[in-house]
Each structure stands twice: as structure tokens, then as C-alpha cells.
Amino acid sequence: MGTPDKQKSAAVSLTTPVQFLSGVGPRRAPLLEKLGLRTAVDVLFLFPRDYQDLTQLRTVANLEEDKLQTVCGVVEESELRATGPGRSILGVLIRDASGGYLRALWFNQPFMQRQFFRDQRVMVSGKPRRNGLFWEVAHPMVTPLGDDEDEPEGRIVPVYPLTEGLKQWHLRRIVRNVVDTHVELLDEVFPLDYLEMHHLWPLRRALPEIHFPTDWESLEAARRRFVYQELFILQLGLAVRRQQQRTDSLAPPMEVSAKIDARIRRRFPFELTEGQAKAIAEISADMARGVPMNRLLQGDVGSGKTIVAVYAMLAAVAHGYQAVLMAPTEVLARQHVLTLKRLLAGSRVRLGPLVGGLSAAARRETLEHIAAGTIDLVVGTQAILQEDVVFSKLGLVVIDEQHKFGVRQRAALKRSGLDPHYLVMTATPIPRTVTMTLFGDLDVSVLRDSPPGRQKVHTYLAEDDQRAKWWDFFGRKLREGRQGYVVVPLVEESDSVAAVSLDETYEALVNGPLEAFRVGLIHGRMTSDEKDAVMADFRSGEIQVLISTSVVEVGVDVPNATLMTIESAERFGLAQLHQLRGRISRGRYPGYCTVFAETESEEALARLKAFTSTTDGFRLAEVDFSLRGPGELFGTRQHGLPPFRIADLLRDTDFLEEARRDAAALVTDDPGLAKEKHAKLRRQMLTRYGKVLELGDVG
Ligand code: ADP
Ligand code: MG
């Protein structure tokens, strides 16, 4: 191999800068650095983003229709043809060694042409078809071969992430060299008996195979090793964090006696569902201990999470502690104030609303009472966190309708003495795998059932020409006494996309199909008092139809409202649509939700179809997850966690369960990971997660 001799001694260290690695040099080093590769070890752990299967290497003469195969050849010519506005066909003619021709086709991807030049050697993989005398393959995977690179016959070839100016075959060669020269320097992180017991390949065996697999089976085994490791290290961090929360902090124990329990339940106007009763039992058990509860309450929209929170808050108050309930929006915070007022009518529990629209004097007075301990329950938006609220004896923090709360965010509430208990409630169901990672340091309660007597919501995706019919139906239901929403996505002035604006919709409806009805308008730019007045009128039935932006999205609870029109529905995410629909599934009457969309996008239509096909929030969460992927939906980054390098939460569910179980077992067996044989695991866990999980000094 042609390694420059004077670098030889430097080239066998894991920390060798990439510049001195064989095949890199000063010109390519900056390109590697763009990919985040600074030293040899970074290159070793640059996992392929895909693989090309060359085990089925064929000459054109031996091709079979519709089977995944690969042909090696040279580019003879490429031709780009326009076939309509914005439409084109790119044809690239490839000649194999035996003189056979294969045409590779790309539809509407004219930019692909840049990748090809005459006489270039390429490997083309795809499912070919015969077209007359020619073989064609549409949208194949193409990998250029180096001029002097052997045809990697019968192999599975890695495909790496690239950056402008760096070629696939170049990077492949660089990695090959580093793997050959450096893999023996790598240290195993797992104890040997651990590897054996969990059927994991040792690092030095797995690493060459993840880059240059012998066959699909060994690739799978190698991948399993790395995915498991990545998930396991995170789960270790989460397990240690949970353990620390249990041992390091003290919270007031609040045992719910039978007497307290009866006193709280007497306030509820209905029987608890089985799910609610179970969640309450779990919460009570947590709060009875002298360490802070850290619990996530998951439930579908309308499953009745509020009452569970109220129970926990009243339990805290019964022990002489304060509780605070925080909602994501003003509208919802105000609704919670109303609910609590209703439930607590005639009781001695003192309620302190910290919502917008309080006069400065009233606000100051409330704050004083909170500090003096003469207010028991505080309700507001998350703004409370930023404010100068001082509690006298805070025992419980409830965070309602949270989507983004993750491992990192802990409410930074001012308090003295003991830590409060925490209860976080989700806005919509979260896929299980996401719960186990982003919310992995919390205990979880799930409400699977919903309150009895719930009616179905019928959901339709309608075309424009069905509008008249829909409004006709809408009006009929209003006359029967029902109420409804019209939801319009918020459109910024600068938005060039033609979407219906709120005012336009309002004008068109009150002068059109809703002429005969009392119509109100609510949006985020109104003052708190204005919003309050509108919501009060809607609740009382004074307003029959509420035209709204997504401010009604979360939590709003008006059981008589059973109708909903959603305009430009493609602009909402699946979770948001489900939340919106949740507004009309709360009472004794069936709901009707019709969505209109202005899109041809397949992704958007798939989302809307899924939305109309089921009202099960847990199912929708999984669908959303698979349509959009974890990155976008529950980006690890927005929760403060570094992104995964190889694990894929969609695909690796089983590994995740396994890693989570194993990590919990290991931490139980060796708290703080103090044993010598776990030292390397501990170090890796701290390097990667010590800071974000605030693990401090372990052990
Ligand atoms: P979410 O889980 O979406 O926050 P809410 O707590 O707002 O749901 O509850 C939705 C509606 O169901 C409310 O009107 C509430 O009063 C009602 N509800 C909750 N629990 C029960 C129950 N066990 N029986 C009857 N109605 C209930
Ligand atoms: Mg709620």
C-alpha cells in the first residue's frame, strides 16, 4: 500500500489526524472534516448510510426482469429530454464489459445529469425491465468506481455520506485503509462475558463487517452490535439518572390515606375510568415516597387526564403543600381555572390564577399569597417558569399538554427545601420507542380507555365541490342545538402560499353558509380578556360557531361542540389534526369533522388519509412517526440529546427494548457503575450523555 513513509509512525494511532491517513492528504482533509471526521477513530466509526448489493452482479446478457441486480460498466452517453413543464427524462446509456447496453432512467431529476461523464466507470443497481430490444432500469442506485478499482464482485459495498468534492469510491478506499491498519487498536467497551451472554459480536470483529460485510448475515450481526451499543449507552445514562433522582433528592412524602382519597373523590362529578384509577394509584404510590415523583401521564385526547392531575394536586394540598399546574396556552390555563373553580366550589382550597389579564395589583397580591403560603393551587402558563414566583411550600408541579418536554427540561421553579414531585401530561400519544428514549428517565402511566358514553367522530376528506353539501349538514346540526368550530391555519402576511386567511373565511361564512347563525372569532393576537369573553360565549352557547386559528388546538373542552371544519388541512401535522378533532369528541353526541386540503403532495395526502381512517391517537402517533421519521417529529436534538449515529427508532424497536432492560439490570446490579469491568461503559456513557443528562459525578 502506498502510504507515504514519513507519516508511517503517526498513522497507527487512533488519534492520527485524518490528513495523515493513507489516501487523504492536505487537500482532502478539509472535506473529511466537513463530515465531522477529524481523526482515525472518527473514520472507523463513520457508519455507511446504505449498502449496495453486488452479490447479484450480472452482465446485461444475463439480466432478469424485476429482480434487484447490479451491472458494472462505463457511461457511453447521457441525454436529457424535456417532456413538459417541469418534467423531464434523463437517460444514461451504460455499456458493460461484454458490450451489452443498459439504459438508466431518471424522471424529473434533471440535476442527476451532472453526476455522469463519458467513460466513467459505474456500478448500477436496480430492477431492470426489457423495453423492446433494450434493457432499462428506472431510478437505479449508482456508485462510481475508481479508475483502478477492481470490480467488487460478489460483495456488499458500503455507501457513505458525502460532501461536495469527495467521491464515494475515494471515501471507500480511505475507510478500507483505516480499518485495515487501525481496527486492532480499538478497545472493547463491553466485558467479554457480557458480549457472550448477549450474543454480541466483539468490536474488532464487528467493525470491519459493518463497513465491508462478507454477507447479509454478518452485516446484520455487526449492525446489531453497534445499534445495541448505542441504545444501551443511552439507556445506561437514563437509568443512572433515574437512580440519582431517587437517591440524591428528597421530596415530601404524601401518603394518600383512605380518608383523603374519599374526600378528593367526593369532589368528582363522575366515576373514574379504570385507566384513571390505575394512573391515580401509580401517582399516589410515587407521592407517598420521600423521593420526587417523575412521571409521564400519557393518554389520548379526551381520555380525561385533567382529573388525574387534579387528584394529585389535591393530595398535595391535603398534606399542606402547594401545587402548580402549567398549561401551554392562555386559553387552556383559563379553562383549567374554571374547571378547578367548579370542582372546588365550597371547599377551603385556595386557588391562585396566574393568567394574563390580571391587573398589576391583583398579580402582586397573588404572588404575595403564593409566597406566604395562603394560596394552595397555582394555575398558569409555562410563563410561570420565567417569572419571579416564589412558593412557600411547593410539593407538586404538573405540566399539562406537553409535546416537547424531554429528559433535559426540568422546571426551574424557585423553591426552598425539598424538591417537588413532577407530573407531566402529554398532548397526544407518543410512540413507545420515543417514550423510552426521550422520556426514558420518567415513569410512565397510560390512559388506554376513555370516559364512558363517548361518541364516535366521523372524519371526511372532502373536495371543494362538496362544500355546499357539508355546510348544509353543518347548519342542520347547529339547528339541532349543536355547536362547531371552523379551523384555519395561521397565515403570516408574508406568506406567499395562497391559503385561506382567518378574516376572509369569517367574511365568507357570515355572509354565506353561516349567515343564520351566531359566529365568533378567536385567534392568538387577541388580548386575554377578548379571548376569555369569546370562549365564555362559546361555552354558554351564545356563540354557535367559533372560527379559530389553532389556538383551540390543545385542551379546550366544550362538550356540546360536535362539528369541525378544517381548512388547508395539509398545513397541520397529524398530531395537531388529532388534537383539533379532540375538541369535538367530548360529549354525548357523535362528532363530524371535515377537512379540506389544497395539496397534491403525496406525503400530505397520506397523512390526511391516515387521519380520516382512524381516531385512535396511539395508532396515529405510530403512523406519523413512520411517515415523518423520528428526526422531524421528535428530534432528539430539540430535547437536548445528541443524534443517533446508527440506531433507527423506527426499525430497531426490539433492540431498544432489550437495551433498556439490560441497562436497568446492570444499574441495579452495579449502581453508579463502580465495578472495574464496567469502567469503560461508564466512561463512554459519561462522555456522550453526562452533560445533557446532568449526571455529574457518577459513583
Ligand atoms: P384530556 O385527557 O384531553 O386532557 P380532559 O381531562 O379535558 O381530557 O377530559 C375530557 C372530558 O372528559 C372532560 O369534559 C371531562 O370532564 C370528562 N371526563 C373525564 N373523566 C371522566 C370520567 N371518568 N367520566 C366521565 N367524564 C369524564
Ligand atoms: Mg387536557
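The values are calculated or read from the model by the stated rules, or taken from the named source; none is laboratory data. These numbers come from a predicted model, not from an experiment. Methodologically, a virtual Cβ is constructed for each residue, glycine included, from the backbone with ideal geometry; neighbour enumeration extends over all protein chains shown.
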statement: Going through the range 216-249 in order, the residues found to be surrounded by fewer than 13 Cβ atoms within 10 Å (Cβ to Cβ) and modelled with pLDDT of 90 or more are W216, E217, E220
query: Could we say that G36 is exposed (fewer than 14 other Cβ atoms within 10 Å of the Cβ), modelled with pLDDT of 90 or more and out of contact with any strand residue (DSSP E or B) (no Cβ under 9 Å at 6 or more places or on another chain) here?
result: yes
message: Just to verify a result, which residue in the range 250-280, among those that are within 29 Å of the chain's Cα centre (by Cα) and among the aliphatic types (A, V, I, L, M), is surrounded by the fewest Cβ atoms within 10 Å (Cβ to Cβ)?
response: A277
field: Only one of G320, G302 that is in contact (Cβ under 8 Å) with a residue 12 or more places away in the chain, surrounded by fewer than 19 Cβ atoms within 10 Å (Cβ to Cβ) and either among the acidic types (D, E) or at positive phi (or both)
entry: G320
Among the residues listed as R241, R266, the single one being out of contact with any Ser or Thr (no Cβ under 7 Å at 6 or more places or on another chain), without any contact (Cβ under 8 Å) to a residue 24 or more places away in the chain, more than 16 Å from ligand 2 (Cβ to nearest atom) and of a type in the set (K, R): R266
query: Does the range 553-562 include one or more residues that are of a type outside the set (S, T, N, Q), in contact (Cβ under 8 Å) with a residue 24 or more places away in the chain and more than 16 Å from ligand 2 (Cβ to nearest atom)?
result: no
Residue satisfying all of: in the range 1-16; surrounded by fewer than 19 Cβ atoms within 10 Å (Cβ to Cβ) and at pLDDT 90 or above; nearest to F212 (Cα to Cα) among these: L14
statement: Requiring at least 1 residues that are closer than 24 Å to K531 by Cα, the strands (runs of 3 or more DSSP E) wholly within the range 292-390 are 322-327, 351-354, 377-381
Residue in the range 269-301 that is farthest from D616 (Cα to Cα), counting only those that are touching an Asp or Glu at 6+ places or on another chain (Cβ under 8 Å) and within 15 Å of ligand 2 (Cβ to nearest atom): L296
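For every residue, the table says whether it meets (1) β-branched (V, I, T); (2) more than 10 Å from ligand 1 (Cβ to nearest atom); (3) modelled with pLDDT under 95.
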site	(1), (2), (3)
A251	no, yes, yes
I264	yes, yes, no
F270	no, no, yes
K278	no, yes, no
I283	yes, yes, no
M293	no, yes, yes
S303	no, no, yes
- line: Here the residues within the range 636-695 that are without any contact (Cβ under 8 Å) to a residue 60 or more places away in the chain and of a type in the set (S, T, Y) are T668, T687
- prompt: From the set of residues in the range 584-605 that are in contact with a helix residue (DSSP H, G or I) (Cβ under 6 Å, 6 or more places away or on another chain) and either within 16 Å of ligand 1 (Cβ to nearest atom) or at pLDDT 85 or above (or both), which is nearest to D400 (Cα to Cα)?
  reply: C593
field: Which numbered condition G631 misses (of (1) at pLDDT below 85; (2) within 16 Å of ligand 2 (Cβ to nearest atom))
entry: (2)
query: If you take the residues of the range 355-405 that are of a type in the set (A, V, I, L, M) and in contact with an Asp or Glu (Cβ under 8 Å, 6 or more places away or on another chain), which of them is surrounded by the most Cβ atoms within 10 Å (Cβ to Cβ)?
result: V355
message: Of the conditions (1) surrounded by 24 or more Cβ atoms within 10 Å (Cβ to Cβ); (2) within 16 Å of ligand 1 (Cβ to nearest atom), R539 satisfies every one except a single condition; which number is it?
response: (1)
query: Is it fair to say G524 is at pLDDT below 85 and either touching an Asp or Glu at 6+ places or on another chain (Cβ under 6 Å) or of a type in the set (V, I, T) (or both)?
result: no
query: So how many residues does the range 414-427 have that are modelled with pLDDT under 85 and within 23 Å of V623 (Cα to Cα)?
result: 1
Residues of the range 482-510 satisfying the condition of being in a loop (DSSP other than H, G, I, E, B) and modelled with pLDDT of 95 or more: R482
query: Does the range 177-200 include one or more residues that are buried (at least 19 other Cβ atoms within 10 Å of the Cβ), closer than 15 Å to I156 by Cα, under 32 Å from the mean Cα position of the chain (by Cα) and in contact (Cβ under 8 Å) with a residue 24 or more places away in the chain?
result: no
Evaluation of Q235 against (1) touching a residue at least 40 places away in the same chain (Cβ under 8 Å); (2) polar (S, T, N, Q); (3) over 30 Å from V179 (Cβ atoms) (one fails), failing number: (3)
message: Please verify whether W169 is of a type in the set (A, V, I, L, M, F, W, C) and at pLDDT 90 or above, treating the condition exactly as stated.
response: no
message: Among the residues of the range 50-67, are any among the aromatic types (F, W, Y) and either touching a His at 6+ places or on another chain (Cβ under 7 Å) or surrounded by fewer than 18 Cβ atoms within 10 Å (Cβ to Cβ) (or both)?
response: no
field: Enumeration of residues in the range 121-139 that are free of Cβ contacts under 8 Å to residues at least 60 places away in the same chain and within 17 Å of V159 (Cβ to Cβ)
entry: R121, V122, V124, G126, H139
- prompt: Of I430, I384, which residue is of a type outside the set (G, A, S), within 16 Å of ligand 2 (Cβ to nearest atom), modelled with pLDDT under 95 and more than 18 Å from M564 (Cβ to Cβ)?
  reply: I430
